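The values are calculated or read from the model by the stated rules, or taken from the named source; none is laboratory data. As the structure is a computational prediction, the values presented were derived from the model and not from experiment. A quick note on method: Cβ atoms are made from the backbone with ideal geometry, for glycine too, and the neighbour counts reach across all protein chains shown. For the accessible areas, the whole protein counts, side chains as well, though only heavy atoms, and no ligand, DNA or RNA atoms are used. Shrake-Rupley method; radii C 1.70, N 1.55, O 1.52, S 1.80 Å.
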Amino acid sequence: MRLNKIFYLSGISITFYGNALFTFILSWWLIKETGNTDLLSKITAITFLPTIIINLFAGSLVDKFNKKMVLIISDIVSGLVCMGGYYFLRDDFSVPILASIVVSLKILGTFFSIGSRVIVPFLFKEVHIHSINGWQAIIKQITEISGPLLGGVLAILWGPQLFFLINGISFIISAVLEMFLQIDTQVDVAKKKKDAKISIVSYFQKERRIFLAIVGAGISNFFIAGLNVLLPFVALTILNSDMNLSIILAFQATGAVLAPIILKLVKTNEFLTTNFYFYLIGSGIILIFAWPNVYVLCAVMFIYGTIQTAFNINFFSYIQVTVEQRVLGRAVSFIYVIAGLLIPLGAMTLPYSSYVFGGYSIMIVGILFTLSMLAIFITSKRMERLTSNS
(Lines give C-alpha, C1' and ligand atoms only; values in the text may rest on other atoms or scores of the structure.)
Protein backbone atom coordinates (compact mmCIF):
# COMPACT_ATOMS: atom_id res chain seq x y z
CA MET A 1 0.00 0.00 0.00
CA ARG A 2 2.86 2.41 0.83
CA LEU A 3 4.51 1.87 -2.56
CA ASN A 4 1.15 2.25 -4.31
CA LYS A 5 0.73 5.60 -2.55
CA ILE A 6 4.16 6.81 -3.68
CA PHE A 7 3.76 5.69 -7.30
CA TYR A 8 0.13 6.82 -7.61
CA LEU A 9 0.63 10.29 -6.14
CA SER A 10 3.91 10.78 -8.00
CA GLY A 11 2.33 9.77 -11.30
CA ILE A 12 -0.70 12.02 -10.99
CA SER A 13 1.48 14.88 -9.71
CA ILE A 14 3.54 14.85 -12.90
CA THR A 15 0.41 14.60 -15.05
CA PHE A 16 -1.33 17.43 -13.15
CA TYR A 17 1.74 19.63 -13.51
CA GLY A 18 2.02 18.82 -17.20
CA ASN A 19 -1.64 19.77 -17.77
CA ALA A 20 -1.36 22.99 -15.72
CA LEU A 21 1.80 24.07 -17.53
CA PHE A 22 0.36 23.17 -20.94
CA THR A 23 -2.78 25.23 -20.27
CA PHE A 24 -0.68 28.26 -19.35
CA ILE A 25 1.82 27.89 -22.20
CA LEU A 26 -1.03 27.45 -24.70
CA SER A 27 -2.71 30.68 -23.55
CA TRP A 28 0.59 32.57 -23.45
CA TRP A 29 1.70 31.42 -26.90
CA LEU A 30 -1.62 32.03 -28.65
CA ILE A 31 -2.02 35.52 -27.24
CA LYS A 32 1.63 36.32 -27.97
CA GLU A 33 1.28 35.22 -31.61
CA THR A 34 -2.17 36.68 -32.34
CA GLY A 35 -2.41 39.60 -29.94
CA ASN A 36 -5.95 38.71 -28.78
CA THR A 37 -7.96 36.01 -26.99
CA ASP A 38 -10.32 35.15 -29.86
CA LEU A 39 -8.29 32.21 -31.11
CA LEU A 40 -7.85 30.82 -27.61
CA SER A 41 -11.63 30.99 -27.08
CA LYS A 42 -12.28 29.19 -30.37
CA ILE A 43 -9.79 26.40 -29.63
CA THR A 44 -11.27 26.00 -26.15
CA ALA A 45 -14.77 25.82 -27.64
CA ILE A 46 -13.91 23.10 -30.17
CA THR A 47 -12.69 20.85 -27.35
CA PHE A 48 -16.07 21.02 -25.59
CA LEU A 49 -18.15 18.70 -27.78
CA PRO A 50 -15.51 15.94 -28.26
CA THR A 51 -14.86 15.86 -24.51
CA ILE A 52 -18.58 15.49 -23.69
CA ILE A 53 -19.00 12.74 -26.31
CA ILE A 54 -15.92 10.85 -25.10
CA ASN A 55 -17.14 11.11 -21.50
CA LEU A 56 -20.36 9.33 -22.48
CA PHE A 57 -18.56 6.05 -23.19
CA ALA A 58 -15.11 6.50 -21.57
CA GLY A 59 -16.43 5.28 -18.21
CA SER A 60 -17.79 2.10 -19.81
CA LEU A 61 -14.38 1.37 -21.34
CA VAL A 62 -12.64 2.01 -18.03
CA ASP A 63 -15.02 -0.45 -16.34
CA LYS A 64 -14.20 -3.14 -18.92
CA PHE A 65 -10.42 -2.78 -19.04
CA ASN A 66 -7.56 -2.85 -16.56
CA LYS A 67 -7.56 0.53 -14.79
CA LYS A 68 -3.79 0.60 -14.51
CA MET A 69 -3.42 0.18 -18.28
CA VAL A 70 -5.88 3.03 -18.87
CA LEU A 71 -3.59 5.40 -16.95
CA ILE A 72 -0.43 4.10 -18.58
CA ILE A 73 -1.77 4.23 -22.14
CA SER A 74 -3.29 7.68 -21.58
CA ASP A 75 0.03 9.06 -20.38
CA ILE A 76 2.14 7.35 -23.04
CA VAL A 77 -0.06 8.54 -25.90
CA SER A 78 -0.22 12.04 -24.36
CA GLY A 79 3.56 12.03 -24.24
CA LEU A 80 3.80 11.01 -27.89
CA VAL A 81 1.28 13.70 -28.89
CA CYS A 82 3.37 16.37 -27.13
CA MET A 83 6.58 15.10 -28.73
CA GLY A 84 4.85 15.16 -32.11
CA GLY A 85 3.79 18.71 -31.34
CA TYR A 86 7.41 19.67 -30.74
CA TYR A 87 8.44 18.12 -34.07
CA PHE A 88 5.76 19.89 -36.12
CA LEU A 89 5.79 23.22 -34.25
CA ARG A 90 9.51 23.67 -33.62
CA ASP A 91 9.94 25.91 -36.65
CA ASP A 92 6.49 27.30 -37.47
CA PHE A 93 3.38 28.36 -35.53
CA SER A 94 0.42 26.36 -36.90
CA VAL A 95 -3.10 26.82 -35.57
CA PRO A 96 -4.53 23.55 -37.05
CA ILE A 97 -1.70 21.47 -35.54
CA LEU A 98 -2.01 23.24 -32.21
CA ALA A 99 -5.79 22.73 -32.17
CA SER A 100 -5.32 19.02 -33.01
CA ILE A 101 -2.90 18.65 -30.10
CA VAL A 102 -5.30 20.39 -27.70
CA VAL A 103 -8.25 18.20 -28.71
CA SER A 104 -6.12 15.02 -28.51
CA LEU A 105 -4.81 15.88 -25.03
CA LYS A 106 -8.31 16.75 -23.82
CA ILE A 107 -9.66 13.38 -24.99
CA LEU A 108 -6.74 11.47 -23.47
CA GLY A 109 -7.10 13.55 -20.30
CA THR A 110 -10.72 12.43 -20.05
CA PHE A 111 -9.66 8.79 -19.86
CA PHE A 112 -6.92 9.66 -17.37
CA SER A 113 -9.27 11.67 -15.13
CA ILE A 114 -11.82 8.85 -14.96
CA GLY A 115 -9.16 6.16 -14.62
CA SER A 116 -7.31 7.98 -11.83
CA ARG A 117 -10.54 8.17 -9.79
CA VAL A 118 -11.75 4.65 -10.53
CA ILE A 119 -8.44 2.93 -9.77
CA VAL A 120 -8.29 4.19 -6.16
CA PRO A 121 -10.47 1.40 -4.62
CA PHE A 122 -8.33 -1.17 -6.47
CA LEU A 123 -5.10 0.21 -5.01
CA PHE A 124 -6.01 1.16 -1.44
CA LYS A 125 -8.06 -0.16 1.43
CA GLU A 126 -11.31 1.63 2.19
CA VAL A 127 -9.92 3.28 5.35
CA HIS A 128 -7.16 4.95 3.31
CA ILE A 129 -9.26 6.28 0.43
CA HIS A 130 -10.22 9.53 2.19
CA SER A 131 -6.55 10.27 2.90
CA ILE A 132 -5.54 9.55 -0.71
CA ASN A 133 -8.18 11.94 -2.01
CA GLY A 134 -6.92 14.54 0.46
CA TRP A 135 -3.37 14.25 -0.87
CA GLN A 136 -4.69 14.40 -4.43
CA ALA A 137 -6.56 17.62 -3.61
CA ILE A 138 -3.42 19.19 -2.13
CA ILE A 139 -1.38 18.25 -5.21
CA LYS A 140 -4.00 19.64 -7.57
CA GLN A 141 -4.24 22.95 -5.71
CA ILE A 142 -0.46 23.36 -5.57
CA THR A 143 -0.14 22.70 -9.30
CA GLU A 144 -2.92 25.19 -10.09
CA ILE A 145 -1.18 27.85 -7.98
CA SER A 146 2.42 27.24 -9.05
CA GLY A 147 1.74 26.06 -12.63
CA PRO A 148 1.26 29.54 -14.14
CA LEU A 149 4.33 30.87 -12.27
CA LEU A 150 6.55 28.02 -13.45
CA GLY A 151 4.98 28.15 -16.92
CA GLY A 152 5.91 31.82 -17.28
CA VAL A 153 9.54 31.10 -16.39
CA LEU A 154 9.73 28.12 -18.78
CA ALA A 155 8.12 30.08 -21.61
CA ILE A 156 10.74 32.82 -21.29
CA LEU A 157 13.75 30.51 -20.80
CA TRP A 158 12.94 27.71 -23.25
CA GLY A 159 10.18 28.98 -25.48
CA PRO A 160 6.85 27.22 -26.05
CA GLN A 161 8.18 24.78 -28.66
CA LEU A 162 10.73 23.15 -26.38
CA PHE A 163 8.13 22.90 -23.66
CA PHE A 164 6.16 20.44 -25.81
CA LEU A 165 9.16 18.09 -25.74
CA ILE A 166 9.65 18.52 -21.99
CA ASN A 167 5.95 17.93 -21.35
CA GLY A 168 6.03 14.81 -23.53
CA ILE A 169 8.91 13.38 -21.52
CA SER A 170 7.08 14.14 -18.25
CA PHE A 171 4.03 12.16 -19.44
CA ILE A 172 6.27 9.18 -20.25
CA ILE A 173 7.87 9.38 -16.78
CA SER A 174 4.40 9.42 -15.24
CA ALA A 175 3.48 6.28 -17.24
CA VAL A 176 6.64 4.51 -16.02
CA LEU A 177 5.75 5.26 -12.39
CA GLU A 178 2.22 3.93 -12.95
CA MET A 179 3.64 0.64 -14.23
CA PHE A 180 4.74 -0.14 -10.66
CA LEU A 181 1.21 0.14 -9.25
CA GLN A 182 -0.04 -3.10 -7.69
CA ILE A 183 -3.69 -3.38 -8.66
CA ASP A 184 -5.94 -6.13 -7.32
CA THR A 185 -6.85 -7.64 -10.70
CA GLN A 186 -8.67 -10.58 -9.11
CA VAL A 187 -11.25 -8.25 -7.60
CA ASP A 188 -11.60 -6.48 -10.94
CA VAL A 189 -12.19 -9.73 -12.84
CA ALA A 190 -14.59 -11.04 -10.21
CA LYS A 191 -16.71 -7.92 -10.38
CA LYS A 192 -16.91 -8.01 -14.16
CA LYS A 193 -17.87 -11.68 -14.25
CA LYS A 194 -20.61 -11.11 -11.70
CA ASP A 195 -22.63 -8.95 -14.07
CA ALA A 196 -20.80 -7.59 -17.07
CA LYS A 197 -23.95 -6.26 -18.75
CA ILE A 198 -25.29 -4.09 -15.94
CA SER A 199 -26.25 -0.61 -17.20
CA ILE A 200 -25.61 2.59 -15.31
CA VAL A 201 -29.29 3.53 -15.75
CA SER A 202 -30.55 0.38 -14.01
CA TYR A 203 -27.90 0.84 -11.31
CA PHE A 204 -29.03 4.41 -10.61
CA GLN A 205 -32.66 3.26 -10.54
CA LYS A 206 -31.69 0.86 -7.78
CA GLU A 207 -29.35 3.29 -5.98
CA ARG A 208 -31.28 6.54 -6.12
CA ARG A 209 -29.41 8.14 -3.21
CA ILE A 210 -26.16 7.82 -5.13
CA PHE A 211 -27.82 9.26 -8.23
CA LEU A 212 -29.12 12.25 -6.24
CA ALA A 213 -25.66 12.81 -4.74
CA ILE A 214 -24.12 12.93 -8.21
CA VAL A 215 -26.86 15.26 -9.46
CA GLY A 216 -26.29 17.54 -6.46
CA ALA A 217 -22.56 17.65 -7.15
CA GLY A 218 -23.25 18.31 -10.82
CA ILE A 219 -25.65 21.18 -10.13
CA SER A 220 -23.11 22.75 -7.77
CA ASN A 221 -20.79 23.13 -10.78
CA PHE A 222 -23.41 25.39 -12.38
CA PHE A 223 -23.13 27.87 -9.50
CA ILE A 224 -19.36 27.49 -9.14
CA ALA A 225 -18.90 28.36 -12.82
CA GLY A 226 -21.01 31.48 -12.39
CA LEU A 227 -18.98 32.49 -9.35
CA ASN A 228 -15.73 32.07 -11.29
CA VAL A 229 -16.96 34.74 -13.73
CA LEU A 230 -18.65 37.05 -11.22
CA LEU A 231 -15.70 37.19 -8.80
CA PRO A 232 -13.37 38.86 -11.35
CA PHE A 233 -16.27 41.15 -12.33
CA VAL A 234 -16.77 42.35 -8.76
CA ALA A 235 -13.03 42.74 -8.09
CA LEU A 236 -12.20 44.51 -11.35
CA THR A 237 -15.38 46.54 -11.94
CA ILE A 238 -16.79 47.25 -8.49
CA LEU A 239 -13.57 47.30 -6.45
CA ASN A 240 -11.55 48.65 -9.41
CA SER A 241 -8.36 46.72 -8.65
CA ASP A 242 -6.37 43.99 -10.40
CA MET A 243 -4.37 43.55 -7.21
CA ASN A 244 -7.52 42.94 -5.14
CA LEU A 245 -8.53 40.10 -7.47
CA SER A 246 -5.11 38.45 -7.07
CA ILE A 247 -5.31 38.80 -3.29
CA ILE A 248 -8.85 37.36 -3.13
CA LEU A 249 -7.88 34.40 -5.34
CA ALA A 250 -4.78 33.81 -3.18
CA PHE A 251 -6.98 33.58 -0.09
CA GLN A 252 -9.28 31.12 -1.88
CA ALA A 253 -6.30 28.96 -2.94
CA THR A 254 -4.88 29.02 0.58
CA GLY A 255 -8.16 27.81 2.00
CA ALA A 256 -8.27 25.02 -0.60
CA VAL A 257 -4.74 23.86 0.29
CA LEU A 258 -5.55 23.85 4.01
CA ALA A 259 -8.79 21.84 3.61
CA PRO A 260 -7.17 18.35 3.53
CA ILE A 261 -5.05 19.26 6.56
CA ILE A 262 -8.11 20.44 8.49
CA LEU A 263 -9.97 17.23 7.58
CA LYS A 264 -7.07 15.19 8.91
CA LEU A 265 -7.25 17.08 12.20
CA VAL A 266 -11.00 16.40 12.55
CA LYS A 267 -10.89 12.82 11.27
CA THR A 268 -12.48 11.59 14.51
CA ASN A 269 -15.58 13.69 13.75
CA GLU A 270 -17.63 11.42 11.49
CA PHE A 271 -20.04 14.21 10.51
CA LEU A 272 -17.29 16.48 9.16
CA THR A 273 -15.52 13.72 7.25
CA THR A 274 -18.48 11.87 5.71
CA ASN A 275 -21.41 14.28 5.24
CA PHE A 276 -20.67 15.98 1.92
CA TYR A 277 -24.13 17.66 1.77
CA PHE A 278 -22.94 19.77 4.70
CA TYR A 279 -20.26 21.23 2.42
CA LEU A 280 -22.58 21.76 -0.54
CA ILE A 281 -25.04 23.74 1.56
CA GLY A 282 -22.19 25.48 3.36
CA SER A 283 -20.69 26.62 0.05
CA GLY A 284 -23.92 28.40 -0.79
CA ILE A 285 -24.39 29.90 2.67
CA ILE A 286 -20.92 31.43 2.85
CA LEU A 287 -21.41 33.12 -0.54
CA ILE A 288 -24.50 34.89 0.83
CA PHE A 289 -22.07 36.94 2.96
CA ALA A 290 -19.96 37.98 -0.07
CA TRP A 291 -20.40 41.72 0.42
CA PRO A 292 -18.48 43.69 -2.24
CA ASN A 293 -15.60 44.62 0.03
CA VAL A 294 -12.05 43.32 -0.41
CA TYR A 295 -11.63 42.27 3.24
CA VAL A 296 -15.00 40.55 3.35
CA LEU A 297 -14.38 38.79 0.03
CA CYS A 298 -10.95 37.58 1.20
CA ALA A 299 -12.53 36.00 4.29
CA VAL A 300 -15.49 34.58 2.36
CA MET A 301 -13.37 33.08 -0.42
CA PHE A 302 -10.89 31.61 2.08
CA ILE A 303 -13.73 29.75 3.81
CA TYR A 304 -15.34 28.92 0.46
CA GLY A 305 -12.07 27.45 -0.86
CA THR A 306 -11.77 25.31 2.26
CA ILE A 307 -15.38 24.10 2.08
CA GLN A 308 -15.29 23.32 -1.65
CA THR A 309 -12.08 21.30 -1.46
CA ALA A 310 -13.36 19.43 1.59
CA PHE A 311 -16.50 18.63 -0.39
CA ASN A 312 -14.50 17.26 -3.34
CA ILE A 313 -12.49 15.01 -1.03
CA ASN A 314 -15.56 13.66 0.78
CA PHE A 315 -17.70 13.36 -2.34
CA PHE A 316 -15.23 11.32 -4.37
CA SER A 317 -14.40 9.22 -1.31
CA TYR A 318 -18.13 8.50 -0.95
CA ILE A 319 -18.45 7.55 -4.63
CA GLN A 320 -15.34 5.35 -4.59
CA VAL A 321 -16.45 3.52 -1.43
CA THR A 322 -20.21 3.31 -2.09
CA VAL A 323 -20.58 2.68 -5.83
CA GLU A 324 -20.05 -0.91 -6.93
CA GLN A 325 -16.66 -1.29 -8.62
CA ARG A 326 -18.17 -2.87 -11.73
CA VAL A 327 -19.97 0.40 -12.60
CA LEU A 328 -17.63 2.89 -10.94
CA GLY A 329 -16.13 4.08 -14.23
CA ARG A 330 -19.56 4.86 -15.68
CA ALA A 331 -20.60 6.66 -12.48
CA VAL A 332 -17.48 8.87 -12.55
CA SER A 333 -18.02 9.45 -16.27
CA PHE A 334 -21.59 10.57 -15.54
CA ILE A 335 -20.23 13.06 -12.98
CA TYR A 336 -17.95 14.59 -15.61
CA VAL A 337 -20.70 14.68 -18.24
CA ILE A 338 -23.00 16.68 -15.93
CA ALA A 339 -20.15 19.01 -15.00
CA GLY A 340 -19.18 19.42 -18.66
CA LEU A 341 -22.72 20.49 -19.53
CA LEU A 342 -23.50 22.69 -16.53
CA ILE A 343 -20.18 24.53 -16.17
CA PRO A 344 -20.45 26.42 -19.49
CA LEU A 345 -24.19 26.95 -18.87
CA GLY A 346 -23.50 28.52 -15.47
CA ALA A 347 -20.64 30.61 -16.87
CA MET A 348 -22.92 31.97 -19.59
CA THR A 349 -26.15 32.61 -17.65
CA LEU A 350 -25.37 33.56 -14.03
CA PRO A 351 -23.16 36.57 -14.90
CA TYR A 352 -26.29 38.28 -16.26
CA SER A 353 -27.28 38.77 -12.61
CA SER A 354 -24.58 41.45 -12.46
CA TYR A 355 -26.74 43.72 -14.68
CA VAL A 356 -29.43 43.76 -12.00
CA PHE A 357 -27.57 43.25 -8.73
CA GLY A 358 -24.09 44.62 -9.57
CA GLY A 359 -21.59 43.94 -6.80
CA TYR A 360 -24.19 41.92 -4.86
CA SER A 361 -24.58 39.31 -7.62
CA ILE A 362 -22.34 36.81 -5.80
CA MET A 363 -24.69 37.00 -2.82
CA ILE A 364 -27.64 36.21 -5.12
CA VAL A 365 -25.76 33.20 -6.52
CA GLY A 366 -25.16 32.11 -2.92
CA ILE A 367 -28.89 32.21 -2.16
CA LEU A 368 -29.77 30.18 -5.28
CA PHE A 369 -26.92 27.75 -4.53
CA THR A 370 -28.13 27.20 -0.96
CA LEU A 371 -31.78 26.69 -1.92
CA SER A 372 -30.87 24.18 -4.65
CA MET A 373 -28.63 22.12 -2.38
CA LEU A 374 -31.19 22.18 0.44
CA ALA A 375 -33.84 20.86 -1.95
CA ILE A 376 -31.62 17.97 -3.04
CA PHE A 377 -30.60 17.23 0.56
CA ILE A 378 -34.24 17.12 1.74
CA THR A 379 -35.18 14.88 -1.20
CA SER A 380 -32.32 12.53 -0.35
CA LYS A 381 -33.39 12.31 3.30
CA ARG A 382 -36.99 11.58 2.32
CA MET A 383 -35.78 8.86 0.02
CA GLU A 384 -33.75 7.34 2.85
CA ARG A 385 -36.82 7.25 5.09
CA LEU A 386 -38.97 5.66 2.37
CA THR A 387 -36.29 3.02 1.77
CA SER A 388 -35.94 2.21 5.46
CA ASN A 389 -39.74 1.94 5.90
CA SER A 390 -40.25 -0.34 2.88
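Considering only protein heavy atoms and a probe of 1.4 Å, how much of the accessible area of the stretch 1-96 is carbon and sulfur, as a whole percent? Spell out each step's value before the answer.
Details: 3300 of 4890 Å².
Of the solvent-accessible surface of the stretch 1-96, carbon and sulfur hold 68 percent.
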State, to one decimal in nm, how far the label point of Thr322 lies from the label point of Ser27, with both points 7 Å from Cα in the Cβ direction. 3.4 nm
Which net charge results for the neighbourhood of Phe93, defined as the other residues with beta-carbon distances under 13 angstrom from its beta-carbon, given Lys and Arg at +1 and Asp and Glu at -1? -1
How high is the relative contact order of the chain? Use alpha-carbon pairs under 8 Å, at least six apart in sequence, and give a whole percent. 26 percent
Which whole DSSP H helices in the chain pass both tests: a Cα extent of 24 Å or more along the axis and a mean Kyte-Doolittle value no lower than -1.0? 2-34, 48-64, 67-89, 95-118, 126-178, 208-233, 242-265, 294-322, 328-349, 361-389
Could you state the number of Å between the C-alpha centres of the stretch 123-181 and the stretch 41-67? 20 Å
If you roll a 1.4 angstrom probe over the protein chains with everything in place, what fraction of the accessible area of the stretch 255-390 belongs to carbon and sulfur, to the nearest %? 72 percent
Using a 1.4 angstrom probe, figure out how much accessible area the chain has per residue, in square angstrom, rounded to the nearest whole. 47 Å²
Determine the calculated [θ] at 222 nm for the chain from helices alone, applying -39500 (n - 2.57) to every DSSP H run no shorter than 4 residues and normalising by the residue count; nearest 500 deg cm²/dmol. -29000 deg cm²/dmol
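At most 14 other C-beta atoms within 10 Å and a DSSP loop state: those are the exposed chymotrypsin sites (Phe, Trp or Tyr not before Pro) I care about. Give me the longest piece of the chain that has none.
Result for the longest clean stretch: 181-390.
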Could you give the Stokes-Einstein D for the chain in µm² per second, using the C-alpha Kirkwood radius, 10 °C, 1.306 mPa s? 72 µm²/s
Rounded Å value of the spacing that divides the Cα centres of the stretch 74-112 and the stretch 221-300: 34 Å
